[in-house]
Amino acid sequence: MTGNTEKREIIIIGGGIIGCTSAYFLTRHPSYDPSKHKITLLEASKIAGGASGKAGGLLALWAYPSNIVPLSYKLHAELAADHGGESRWGYRRIHCGQLSAKGRVLDQEKAQEGKPSNGESVSLGKRDKAALGKLTVAGLPKDLDWVAAESAKSYYEMGTPDNTAQVHPYQFTTSMAELAEEKGAKIILGFVSNIERSGGAVKSVTYQDKETSVTHTIPATDVIISAGPWTRSVYPPAPISAMRAHSVTIKSKTAISAYALFTEISLPPNFGRTDTFVKSKRLHSKEVTPEIYARPGDEVYACGEGDTLVPLPKTTADVETDQSRCQDIIGYVSSISDELRDGEVTARQACYLPNVQAASGGPLIGETGVKGLLIAAGHTCWGIQNGPGTGKLISEFVFDGKAKSANIGSLDPRRIL
Ligand SMILES: Cc1cc2nc3c(=O)[nH]c(=O)nc-3n(C[C@H](O)[C@H](O)[C@H](O)COP(=O)(O)OP(=O)(O)OC[C@H]3O[C@@H](n4cnc5c(N)ncnc54)[C@H](O)[C@@H]3O)c2cc1C
């Protein structure tokens, strides 16, 4: 570690949640002195342009890995209290459950819009006596009234407002970036092409400015690689891969209670098909598992399963969205909810999840063996939950020389690099 009284040139690569929370906590560390410590965040295309802006935003004390979850969950609550997170980034406590349901048939025309058919099975009013009886049989909480009663088969509670919460990931990440800037961090839109070293230590970082296309090399005493699924492109030894996932957001016309649902929906064989088609083919029923998260303002986020069909493109701006995959998600969630069927689709998007290719899993947080070069990447499906904890730990590595707030030996990148 370089002494805190000396000048430091701290460079963060990547403006997702990990890079932005790192910038935030570096500017809040007791040793941070803006007259001596320069913090620069380099982001290739847009702050929170990748998974950090397109994730669900679920936070849970029952997430993993257990050595950083409690720290990060607590920091989320503190950040929300300190900076008005409830209104600024939609922080709130929620219920969470596993829902098993039977999807209702979509006819061809309605399926185009992601809407179930007008058949008898769809139009059952969920407020009538029979419907309420079904809700009780399935164990569905009374206020989870935006799941169609005739669809629900079973519901098991996974989390309560005591141990489960949420944020709007895009709003949270961009707020972290703004709050870091307010305390002196500098954000530059530029694509990092190289990290130069000298005598076993980092020396400088080379990037191409997004606006001017001019290439610059800037001095560095500390470099934090937080490029999510792109980590390998700036640091090839990191065993981090990428998986694409699609999601949609739907604005409901009616109130949506605060539940995050992990679903198992069995779709009938004729789901989304015409009668003629069904008669002419042998079709099988299908199980789908979208995650559905209610958000403040009666908006609902839903994501589907991942795919590896399209390799990771150069930047977040080049990510391909497959409209048919978004349409599938809309169809699935519409098949179990009239509110979602009748809502307005406000986003259809895709992004890449960062996975660690090692038996020990991820994320990787800490030193690399090269002096001044730190990694904070590979947060898989819990990067929003574990963002603040990671940022805090990175600030400790930089200014204290070691992680102090959590015991994270098992996440040490040097174990697998
Ligand atoms: C569909 C989906 C739902 C999810 N839901 C949740 C959830 O509910 N809760 C939860 O906790 N987590 C969730 N996650 C996981 C979470 O989104 C990720 O773990 C997290 O966003 C990763 O953040 P990151 O900062 O590491 O990466 P990213 O958000 O990918 O950010 C990396 C950044 O680095 C930049 N970059 C890359 N290369 C360069 C370069 N050469 N130079 C400069 N910049 C570069 C990129 O442009 C990008 O902005 C979800 C993920 C997906 C895909």
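Kindly provide the helix-only [θ] at 222 nm of the chain, computed as the sum of -39,500 (n - 2.57) over DSSP H runs of four or more divided by all residues, to the nearest 500 deg cm²/dmol? Write down the numbers at each step before the final one.
On the way: 13 runs with 113 residues, N = 417.
Rounded to the nearest 500, the figure is -7500 deg cm²/dmol.
Under a point-charge model restricted to the Cβ atoms of Lys and Arg (+1) and Asp and Glu (-1), what is the dipole moment magnitude of region 319-374 relative to its Cα centre, in debye to the nearest 20?
On the way: 4 positive and 8 negative charges, 75 e Å.
Charge dipole of region 319-374: 360 debye, to the nearest 20.
Accessible area of region 167-275 with a 1.4 Å probe: how many percent of it is carbon plus sulfur? Write out the running numbers ahead of the final one.
Working: 2290 of 4540 Å².
That share works out to 50 percent.
Can you tell me the 0 to 90 degree angle between the C-alpha axis of helix 169-182 and the longest principal axis of the chain, rounded to 10?
For helix 169-182, the angle is close to 20 degrees.
Using a 1.4 angstrom probe on the protein heavy atoms only, line up Met158, Met176 by accessible area, largest first. Intermediate results must be reported in sequence, preceding the final value.
Details: Met158 70, Met176 0 Å².
Most to least solvent-accessible, the answer reads Met158, Met176.
Just check region 183-317 against the gyration tensor rule for me: Cα atoms, a ≥ b ≥ c as the square roots of the eigenvalues, rounded for a/c under 1.5, and otherwise prolate or oblate depending on whether a/b exceeds b/c.
Here region 183-317 falls in the prolate category.
Just how large is the dipole of region 30-93 about the Cα centre, in debye to the nearest 20, putting +1 at every Lys and Arg Cβ and -1 at every Asp and Glu Cβ? All intermediate terms of the calculation are to be shown ahead of the outcome.
On the way: 8 positive and 5 negative charges, 30 e Å.
Result for region 30-93 is approximately 140 debye, rounded to the nearest 20.
Tell me the relative contact order for the chain as a rounded percent, counting alpha carbon contacts under 8 Å between residues six or more apart.
Working: 1001 pairs, mean separation 109.6, N = 417.
Relative CO of the chain lands at 26 percent.
How much area per residue is accessible in the chain when the probe is 1.4 Å and only protein heavy atoms are counted (Å²)? Show your work: numbers first, answer last.
On the way: 17680 Å² over 417 residues.
Result: 42 Å² of accessible area for each residue.
Treat each spin label as a single point 7 Å out from the Cα along the C-beta direction, and report the Gln98 to Thr289 distance in nm.
Simple spin-label model gives 1.0 nm for this pair.
Quantify how much of the Cα-Cα distance distribution of the chain extends past 32 Å, in percent. All intermediate terms of the calculation are to be shown ahead of the outcome.
On the way: 33706 of 86736 pairs.
Percentage above 32 Å: 39.
Relative to the longest principal axis of the C-alpha atoms of the chain, give the angle of the C-alpha long axis of helix 383-400, reported between 0 and 90° and rounded to the nearest 10°.
Tilt relative to the chain: about 10 degrees.
Hey, can you rank 309-321, 142-154 by average C-beta count inside 10 Å, highest first?
Working: 309-321: 14.2, 142-154: 20.0.
Ranking, from highest mean packing down: 142-154, 309-321.
Could you tell me what a quarter of the Cα convex hull surface of region 266-417 works out to, in nm² with one decimal place?
Working: hull surface 53.2 nm².
Result: a mean projected hull area of 13.3 nm².
With a 10 Å cut-off between alpha carbons and a GNM built on the chain, which of Pro237, Pro363, Pro290 moves the most?
Looking only at Pro237, Pro363, Pro290, the biggest GNM fluctuation is shown by Pro237.
If you fit an axis through the alpha-carbon atoms of helix 323-334 and take the longest principal axis of the Cα set of the chain, what angle between them do you get, 0 to 90°, nearest 10?
The angle comes out near 50 degrees.
The values are calculated or read from the model by the stated rules, or taken from the named source; none is laboratory data. Predicted model only: the values in this text are computed from it and were never measured. Backbone-built Cβ (ideal geometry, glycine too); neighbour counts: all protein chains shown. Just so you know, the surface numbers come from the protein's heavy atoms only, side chains and all, with ligands and any DNA or RNA stripped out. Shrake-Rupley method; radii C 1.70, N 1.55, O 1.52, S 1.80 Å.
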